[in-house]
Amino acid sequence: MKPVLVALALSLAGLPALAQGTPSADAPAVTKANTATPPNASDLLFEEPQMKNVAPGSTLTYSYLRRSGISKGPFGPTMDDQIKLTIEPGAAPEKRNIRVQMFSGANRFPAGPFEDMPGNPVMTLFLEHHLIDLAKVLSANPRYIKNGIRKALRDNATVTATTATVKGQTVDAWRVEVQPFLDDKMKDRMRGLENLKYTFVTSPAVPGELLSIEAQSKTADGGELLQENLTYDPNAG
């Protein structure tokens, strides 16, 4: 894994999923969706032991899509690929060793492996990959953008109870929404991307808990500046 990716992964949300406290094996600290008090967004995404309900020997597959209508295509051509996590036992019952296949062919992106992970690394992997691309497009300091996303998730995100359909079953879920750059002092340099909206949907009822991530930005007349999605595929393995 490239050093810059390790640094980003470890710091994106203040030591998120890659280095968490050890929950009790008998009573893991699971946040149940649709409770009266919504959890903090950063805690929900990066401090929960999401991998505890993933059986060793299984594979989690996430469909990935990125497209953009910006002139001259600074984000590159449309990308439609997958991220796969191969799960093995960790040193404790609630932890997992995880091998990553992040995209395929010419899109292949070095990532992992991760040892003794209580949390799902795919959220941090998605965000760090997104951050690198965004910093290139904006000719911006990746640390500045990272800090903006991290602060917004901690302080300004909206977390609402919702439901989702997985394999024909309705499950309780949390929906996290945040727009980190709307009031940023540097928003005039963001080429219209200051309205970037990040949406996460999680549910403790699905392996790894993550259902989807979306990063979306549009022009005032509806033109697509960026559409980037990661979606759990329960039918793949």
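The values are calculated or read from the model by the stated rules, or taken from the named source; none is laboratory data. Everything quoted here is computed from the prediction, not taken from an experiment. Note that each Cβ is placed from the backbone with ideal geometry, even for glycine, and that neighbours are counted across all protein chains shown.
For the reader, a short list of remarks on this structure follows.
- Within the range 133-142, at least one residue is part of a helix (DSSP H, G or I), without any contact (Cβ under 8 Å) to a residue 40 or more places away in the chain and of a type outside the set (S, T, Y).
- Taking the numbered list (1) surrounded by 16 or more Cβ atoms within 10 Å (Cβ to Cβ); (2) under 17 Å from N229 (Cβ atoms); (3) in contact with a strand residue (DSSP E or B) (Cβ under 6 Å, 6 or more places away or on another chain) in turn, N97 passes all entries but (2).
- Test: residue in the range 102-117 that is crowded, with 19+ Cβ neighbours inside 10 Å, modelled with pLDDT of 85 or more and basic (K, R): no
- Filter result (surrounded by 13 or more Cβ atoms within 10 Å (Cβ to Cβ) and either among the basic types (K, R) or at negative phi (or both)) within the range 68-79: S68, G69, I70, P74, F75, M79
- Only one of A135, A157, A161 that is modelled with pLDDT under 95 and either under 21 Å from D80 (Cα atoms) or of a type outside the set (D, E) (or both): A135
- Taken over the range 188-224, the criterion of being of a type in the set (D, E), surrounded by 15 or more Cβ atoms within 10 Å (Cβ to Cβ) and over 17 Å from the mean Cα position of the chain (by Cα) is satisfied by E194 alone.
- Qualifying residue in the range 168-187 (condition: surrounded by 13 or more Cβ atoms within 10 Å (Cβ to Cβ), part of a strand (DSSP E or B) and of a type in the set (G, A, S)): yes
- Restricting the first member to the range 145-159 and to residues that are in contact (Cβ under 8 Å) with a residue 24 or more places away in the chain, and the second to residues that are assigned to a helix (DSSP H, G or I) and among the charged types (D, E, K, R), the beta-carbon pairs closer than 9 Å and six or more apart or on different chains are K146/E128; R154/D43.
- Residue check for I87: farther than 12 Å from Y62 by Cβ, under 17 Å from the mean Cα position of the chain (by Cα), modelled with pLDDT of 95 or more and buried (at least 18 other Cβ atoms within 10 Å of the Cβ): no
- Sole residue being in a strand (DSSP E or B) and more than 17 Å from A236 (Cα to Cα), chosen from E88, E94: E88
- Residue ID - surrounded by the most Cβ atoms within 10 Å (Cβ to Cβ), chosen from residues in the range 44-55 that are of a type in the set (A, V, I, L, M) and not in a loop (DSSP other than H, G, I, E, B): L45
- Candidates A25, A41, A36: the one that is modelled with pLDDT of 90 or more and on the phi < 0 side of the Ramachandran plot is A41.
- Test: residue in the range 56-78 that is closer than 18 Å to P113 by Cα, in a loop (DSSP other than H, G, I, E, B) and touching a residue at least 40 places away in the same chain (Cβ under 8 Å): yes
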